[in-house]
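Trainee: Take this structure first; my questions come after.
The values are calculated or read from the model by the stated rules, or taken from the named source; none is laboratory data. This is a predicted model, so every value here is computed, not measured. Virtual Cβ from ideal backbone geometry, glycine too; neighbours counted across all protein chains shown. Please note that ligands, DNA and RNA were not included when accessible areas were found on the heavy atoms of the full protein model with its side chains. Shrake-Rupley method; radii C 1.70, N 1.55, O 1.52, S 1.80 Å.
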Amino acid sequence: MKVRKLASVLMAAVVAVAVMGSMALAEGATIKGKVKWDGKPYKGKQVELNAECEGFHGGKANAPRAEAVVTNENATLRNVYLHVKNPPEGGAAAPTTPIVMDQKGCVYTPHVLGVRVGQTIEIRNSDPTAHNIHFLPKKNPEFNQSQPKQGLVNTLVFKRAEVMVPVKCDVHPWMNAFVGVSDHPFFAVTGEDGMFTITGLPPGKYTVEAWHEKYGTKEMVVEVSTDDTKEIEFTYSRPVKEE
Ligand SMILES: [Cu+2]
């Protein structure tokens with residue numbers, strides 16, 4: 001009897017330690033911050049669409065704006081992909097839910113996307129016209145698929161990490177997007193507030209890289225201790241020669 005009781009107490013202790021362990025892993029340290037824009041606000045030029053695609057927007061005047069360079073009201077930069085270049089072992093498994101990339105109004109939504117190795121990318125055609133999805137990776141196989149009708153869905157899974165994979169439409173030359181494929185969960189993309197958060201990191205020294213399709217990459221080394229939160233900032237500006 002005594003042995004049995006001891007065994008159950010031990011078992012409970014093992015379970016408790018396991019639960020605590022997974023909680024610690026789930027929390028971990030956080031690196032967060034913003035990608036600042038040092039310059040005039042910029043919202044992108046209106047895209048020159050063809051007549052059919054203009055029709056989806058109710059005419060030329062409503063054509064969407066190019067998303068290569070989009071600054072936000074709080075002087076930050078949108079569509080910047082951030083990732084840890086030297087990720088720790090482990091980390092959460094790739095989500096089983098797909099990440100959606102839509103084609104609507106002859107534009108890719110979102111313009112910059114982060115996905116995990118092994119996670120399904122679901123590519124939708126929401127337009128009553130034909131698109132041709134063309135992923136141009138260097139480390140993964142090429143993907144070139146026509147989607148001739150509205151409502152069609154194709155799926156794609158990358159097996160290798162790659163930052164970044166360009167995507168274009170072979171029917172509509174203005175359509176482009178970028179996909180960051182990561183073999184760990186420590187990445188983010190800036191949106192309308194220019195902010196990013198990377199969570200669940202064990203203590204360590206990490207190199208965070210920011211990537212922007214036009215203004216390139218920037219790196220920063222950040223050291224975090226257990227459950228630490230470190231705030232960092234990247235700053236982009238328009239190169240002086242341009243304009
Ligand atoms: Cu297209």
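Trainee: Taking 0.36 nm per residue of sequence separation and subtracting the Cα-Cα distance, how much length would be gained by fully extending the chain between LYS32 and ASP170, in nm to one decimal?
Mentor: Stretched out fully, the LYS32 to ASP170 stretch lengthens by 46.0 nm.
Trainee: So which cysteines in the chain don't have a second cysteine's C-beta under 4.7 Å from them?
Mentor: CYS169
Trainee: Further question on the same structure: Would you mind checking the pairs LYS43/LYS104; LYS85/LYS159; LYS32/LYS159; LYS32/LYS85; LYS43/LYS139; LYS43/LYS149 and listing those with alpha carbons more than 22 angstrom apart?
Mentor: LYS32/LYS159; LYS43/LYS139; LYS43/LYS149
Trainee: How many angstrom lie between the Cα centre of the range 97-132 and the Cα centre of the range 178-243?
Mentor: Using only Cα atoms, the two centres lie 23 Å from each other.
Trainee: Ok, one more. What full-extension length gain, to one decimal in nm, is calculated for ALA92 and ALA61 as 0.36 nm per residue of separation minus the Cα-Cα distance?
Mentor: Stretched fully, the ALA92-ALA61 segment lengthens by 6.7 nm.
Trainee: Moving on. May I ask for the net charge around GLU162, where only other residues with Cβ less than 14 Å from the Cβ of GLU162 are counted and Lys, Arg are +1 while Asp, Glu are -1?
Mentor: Here the charged neighbours net out to +3.
Trainee: If amide hydrogens are placed 1.01 Å from N in the peptide plane, which non-local residues have theirs closer than 5 Å to the one on HIS184?
Mentor: VAL117
Trainee: Round to the nearest 10 and give me the degree value, 0 to 90, for the angle of helix 2-27's Cα axis relative to the longest principal axis of the chain.
Mentor: Value to nearest ten degrees: 30.
Trainee: With viscosity set to 1.306 mPa s and temperature to 10 °C, compute the Stokes-Einstein D of the chain, Rh being the Kirkwood radius across alpha carbon pairs; µm²/s, no decimals.
Mentor: For these conditions, the coefficient is 79 µm²/s.
Trainee: Amide H neighbours of ASP227 under 5 Å, at least 5 residues apart or on other chains, H built in the peptide plane: list them.
Mentor: GLY28, ALA29
Trainee: Would you please give the FRET efficiency between ARG160 and GLU223, computed as 1/(1 + (r/R0)^6) with r the Cβ-Cβ distance and R0 = 22 Å, to the nearest 0.05?
Mentor: Approximately 0.15, to the nearest 0.05.
Trainee: Any idea of ARG238's accessible area? Nearest 10 Å², probe 1.4 Å.
Mentor: 60 Å²
Trainee: Another one. Stick to Cα atoms and the Kirkwood definition of Rh, then tell me Rg/Rh for the range 130-243.
Mentor: 1.04
Trainee: Here's another thing I want to ask about it. Measuring from label point to label point, each 7 Å out along Cα→Cβ, what is the LYS139 to GLU231 span in nm?
Mentor: 3.3 nm
Trainee: Given labels modelled 7 Å from the Cα in the Cβ direction, how far is it in nm from ASP183 to LYS85?
Mentor: 1.7 nm
Trainee: Here's another thing I want to ask about it. Which value at 222 nm does the chain reach when only helices count, each DSSP H run of 4 or more adding -39,500 (n - 2.57), with the total divided by all residues and rounded to the nearest 500 deg cm²/dmol?
Mentor: -4500 deg cm²/dmol
Trainee: Could I get the Rg over Rh figure for the range 65-199? Both from C-alpha atoms, Rh via Kirkwood, rounded to two places.
Mentor: Rounded to two decimals, Rg/Rh equals 0.97.
Trainee: Which value, in debye to the nearest 20, describes the size of the charge dipole of the chain about its Cα centre when Lys and Arg Cβ atoms bear +1, Asp and Glu Cβ atoms bear -1, and nothing else is charged?
Mentor: Charge dipole, the chain, about its Cα centre: 520 debye, nearest 20.
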